[in-house]
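Each remark here refers to the structure printed beneath this line.
The values are calculated or read from the model by the stated rules, or taken from the named source; none is laboratory data. Just so we're clear, the structure is a prediction, and the values are computed from it rather than from any experiment. Cβ sites come from the backbone with ideal geometry, for glycine too, and all protein chains shown count toward neighbours. The area values use the complete protein model at the heavy-atom level, side chains included, leaving out ligands, DNA and RNA. Shrake-Rupley method; radii C 1.70, N 1.55, O 1.52, S 1.80 Å.
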Amino acid sequence: MTDVRHVLVLPDRDAAEQIAEELPDRFGVRDEPQLVRDALAGEDDAEDAQWLVVVEDPERRLDPTELDALAAEFDGWLETP
């Protein structure tokens, strides 16, 4: 059985950091989420970067629908595999 990894896509670093802070309280996430800057293809301007919050879910406890709703609160979404 493979581990599940959820990737939330956010419009900026502030939103990504806020979500990373909320995950332990709202969802009981134990491991620190990873924040990754994702520059859009062909764009050099830092303003055109999205931020990813990568959440490991080895026990498959997290509900993708709820994660997507959380990301939507910050104008983001849950990336589907």
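In the elastic network of the chain, a GNM with C-alpha springs shorter than 10 Å, the most mobile of Pro58, Pro33, Pro24 is Pro58. Angle check, please: helix 13-27 long axis (alpha carbons) against the longest principal axis of the chain (alpha carbons), in degrees 0 to 90, nearest 10. The two axes meet at around 10 degrees.
Taking every DSSP helix (H) stretch of at least 4 residues in the chain, weighting each as -39,500 (n - 2.57) and dividing the sum by the residue count yields a mean residue ellipticity at 222 nm of -9500 deg cm²/dmol. Here's the picture: charge each Lys and Arg Cβ at +1 and each Asp and Glu Cβ at -1 in region 4-79, and of Val29, Pro11, Ala39 the one pushed furthest to the positive end of that dipole is Val29.
Exposed loop GluC sites (Glu not before Pro) only (DSSP loop, at most 12 other Cβ atoms within 10 Å): please give the longest stretch of the chain free of them, not including the sites. Walk me through the intermediate numbers first.
Numbers: sites that count: Glu43, Glu59.
Here the longest segment lacking exposed loop sites spans 1-42.
Dipole of the chain, Cα-centred, from +1 at each Lys and Arg C-beta and -1 at each Asp and Glu C-beta, to the nearest 20 debye?
Details: 7 positive and 24 negative charges, 87 e Å.
Dipole about the Cα centre, nearest 20: 420 debye.
Helix 64-73 and the longest principal axis of the Cα set of the chain meet at an angle near 40°. The Cα atoms of region 4-79 give a gyration tensor whose axes a ≥ b ≥ c have a/c of 1.5 or more with a/b greater than b/c, which makes the shape prolate. In this label model, Thr65 and Glu79 are separated by 2.4 nm, measuring between points 7 Å along each Cα→Cβ vector. For the chain, with all protein chains in place and a probe radius of 1.4 Å, 44% of the accessible heavy-atom surface sits on carbon or sulfur.
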